[in-house]
Each structure stands twice: as C-alpha cells, then as structure tokens.
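Undergrad: Below is a structure I'd like to ask you about.
What follows is calculated from the coordinates using simple rules that are stated; it is not laboratory data. Just so it is clear, the model here is predicted, and its values are computed rather than measured. Here the Cβ is made from the backbone with ideal geometry for all residues, glycine too, and neighbour counts use every protein chain on show.
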Amino acid sequence: MEKRGKLVVGGVSIILIVGVVIGLVAVVCTKKSNKDQLSTSSKAVAAICDPTDYKEACIDSLGSVAKNDSATPKDLIQAAIDSTIKTVKSAIENSNSIAKSFKAINSTGKMAMDDCKDLLESAIADLQASFSFVGDSNMHTMHDREEELRNWFSAVISFQQSCLDGIPQEELQKLMKDSLLNATQLTSNALAIATSIAQILENFNITLNKDLRPTSSSRILEQENDGHGQYPSWFPAADRRLLAKQDNGGVKPNAVVAKDGSGQFKTIGAALAAYPKGLQGRYIIYVKAGVYNEYVTVTKNQVNVFMYGDGPRKTMVTGSKSFADGITTQNTATFGESSVRYYRYYQGYQMMALLIVTPPSDNR
C-alpha cells in the first residue's frame, strides 16, 4: 500500500510538472504572438509615417486602424486622409467661434473669416476626392497616379495658406493659425506620403506595375490635334465633341447672355442663377460679344457648366475690385469657381485678379 501511495503521489507530481511546463510554453507562445503582431503593426505604421515631418501626429492620425494587423497600406493611407478631413472640419467649426469671440474684428476681418470657411470647404472637397481615389485604386498601380494625389494635397495646403493670408488682423490671423495647426501638419504628412507612395508600397512588399502611363502633369502638357484644334490629352472625348460642335455652330445653349437684350439674360450671373436644380448633363451658356462688368461665381451646386463666347477680343468680362476697396483678395476675383467641372472657352478677361478655386481635375 505504501509503495502504491508513493507511485500515485509521483504520478500526480509528474502531471503537475507537465501542466506547469505546458502553461509556461503557452504563455511564452502567446507573448511571442502578441509581440509579433505588435511588431507587424508597428512596422506598418513606421512605413507609412517614415517620410512625414510630423511623425507623432501621423501615428495618432492612423488611430485604431494602426492596431489592426490585417490593415492594408490602402487602409492606413485612407485613415491618414480621413483624420485630415476631420481636423479641417474642426477648424471650420472653430472659425465661427473665433469670429464671434474676437471683439476687435472689423468688417474686412469678418469677410476674411467667411472666405476661410469657403476655402476650407474646398480643401475638404479635395481631401474627400483623394480619399475616394485611394479607395478605388489598385495598390499595384496606385503609384502611377502619385502626381494627382500630390496635386490634391498641394491644393489643400494652398487653400489653408490662402485662408490665413487673407486675414488682415494679426491677432485674428494667429488664432486661426493655431486652429489650423493640426490640419496643416496632417496635410503636410499626407503630401509626404503621396510623394513617397512608391517606396511605401515597396516596403509592404507590394509588386508595382512599372509600365507607367503619363503622369497627371505630363498629360496636361500634352496636346492632341483632332482636327478641330488642339486640346489637352486629358480632355474628355465628349467635351471635345461639344467643342467641335461649337466651332461649327452646332451647339444649342441652355442660356444666351447678351448686353443688348437679344438673349435671355443680360448678365452672366443671371444665366447662372437660372441653373436648373438637379440638372443632369451640361448647362451650356453662350455669352455674346460685349464687355460684361460683373463678378461671377460658379457654385459647387452648378456642376458641368460649359460657357463660351465670341472670341477673346469680343466677349470680355471685366472687374476692378481690390483689397484697397476693403475687399478681401478672395472676393476680388472676376471669376470665382467652386464648381466640380467648369469650362470657359473663347472668352477674354480684363481683370485685376483671377482665382480658379477648383480646376477640372476629375476629368481623367
């Protein structure tokens, strides 16, 4: 009996020892797995944020996505852009409270703060376009469109800087600059990521398609002659046909503007005000020969506007507003466009300032 008891105790001891060993192995393996996962996530974040100037802001901007071990480079880049959108939206909200709380604000300062909101809304539109672009892109060919991403982010930086430059009161400008700090840092980071997109993707062991087509900027510079004049190669075929019809007098405009009253409208602004709500397709405006002394804005809701005149020496739009008149630079533009797609053709401009808010960058 005593011998049997010793055998039982010995057997239990062995089982306990084996159990402890298995437990230790399990703990070690779990820790190793967690460490490997953390290492993978950290490497992914490092690859995205390495080219940026504001690395801490970059890491924070990736948020919970950075902790997801299955996140793709596309997910991380979109997270960085989404965080930038949120900070710009926050700056717009803050601009309202800044304008209200700044007691020394004058009329020009109020106008400048309104301009800031318009400019930052345009910045958001470009950021949202870049967010969608990344989401729709194939990771193997995303680097082909690097310059388009850079153009979007550069435009956002320009909008932010124009917002600040337009504020004449130094203290008010400083308040807005502080409000925009996170947004400007994250936009700078986004531009750095776009500039290094090829290297970033290669760091993720993604095979890149080296059969590059022309970049955005080179396509803009390219000219093609289709028999009806020279157009940039990025110009859509449908719009080329429309221009060709216009050359041959085959375009039927939706609105005719004429100073002498021979058209439906006497001003371009009136023709734009008649833009049909929910319009599908082009809204074509023909501006007859004459000098039009007016300030025209094509709004975000007035998409696909096509405007043409009788030639640069016959159809002219003039303006002479200036900062000296107590008008902010943003509002001195004879033509201010925030429309997604807008073309001017065969018109001349005599003006003190011309501001193109959003070029037709979506025409690919």
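Undergrad: With the Cα gyration tensor of segment 88-131 giving a ≥ b ≥ c as the square roots of its eigenvalues, does the rule (a/c under 1.5 for rounded; else a/b larger than b/c for prolate; else oblate) give rounded, prolate or oblate?
TA: Values: a/c = 6.04, a/b = 2.25, b/c = 2.68.
Oblate shape, in that a/c is at least 1.5 and b/c is the bigger or equal ratio.
Undergrad: For the pair Ser132 and Asn96, how long in nm is the line joining their label points, each one 7 Å along Cα→Cβ?
TA: 2.5
Undergrad: Right, here's the next one. Which entries in the list Lys110/Lys314; Lys55/Lys89; Lys117/Lys277; Lys89/Lys174; Lys277/Lys314 go over 29 Å, if you measure between the two C-alpha atoms of each? If you can, show how the numbers build up before the last one.
TA: On the way: Lys110/Lys314 38 Å; Lys55/Lys89 22 Å; Lys117/Lys277 24 Å; Lys89/Lys174 18 Å; Lys277/Lys314 31 Å.
In this structure, Lys110/Lys314; Lys277/Lys314 lie more than 29 Å apart at Cα.
Undergrad: Just in segment 116-189: which GluC sites (Glu not before Pro) are loop by DSSP and have at most 15 other Cβ atoms within 10 Å? Can you show the working numbers first?
TA: Values: sites: Glu121, Glu146, Glu147, Glu148, Glu170, Glu171; in loops: none.
For GluC sites (Glu not before Pro) across segment 116-189 that sit outside H, G, I, E and B with at most 15 neighbouring Cβ atoms in 10 Å, the list is empty.
Undergrad: Continuing with the same structure: Tally Lys and Arg at +1 and Asp and Glu at -1 over the other residues with C-beta under 15 Å from the C-beta of Ile105: what net charge comes out?
TA: Details: positive: Lys100, Lys103, Lys110, Lys117, Lys174; negative: Asp114, Asp115, Glu170, Glu171.
The answer is +1.
Undergrad: Also, quick follow-up: Please compute the modelled spin-label separation between Ala244 and Ala273, points set 7 Å along Cα→Cβ, answer in nm with one decimal.
TA: Modelled inter-label distance: 3.8 nm.
Undergrad: Can I ask one more? Place a label point 7 angstrom from the Cα of Glu170 along the Cα-to-Cβ direction, then list the residues of segment 100-116 whose backbone nitrogen is under 16 Å away.
TA: Backbone N within reach: 104-105.
Undergrad: Now, a different point. Find out how many positive minus negative residues lie around Lys89, taking Lys and Arg as positive, Asp and Glu as negative, among other residues whose Cβ is under 15 Å from that of Lys89.
TA: Numbers: positive: Lys86, Lys117; negative: Asp82, Glu93, Asp118, Glu121, Asp126.
Around Lys89, the surrounding residues sum to -3.
Undergrad: If each of Lys117 and Asp50 carries a label point 7 Å out from its Cα toward its Cβ, how far apart are those two points in nm?
TA: Between Lys117 and Asp50, the label points sit 4.4 nm apart.
Undergrad: For a test of the definition: using alpha carbon positions, the gyration tensor, and the 1.5 limit on a/c, classify segment 140-213 as rounded, prolate or oblate.
TA: Prolate is the answer for segment 140-213, as a/c is 1.5 or above and a/b outweighs b/c.
Undergrad: Taking amide hydrogens as modeled 1.01 Å from N in the peptide plane, which residues meet the under 5 Å criterion relative to Thr297, leaving out close sequence neighbours?
TA: Under 5 Å from the amide H of Thr297 lie the amide H atoms of Gly336, each far enough along the sequence or on another chain.
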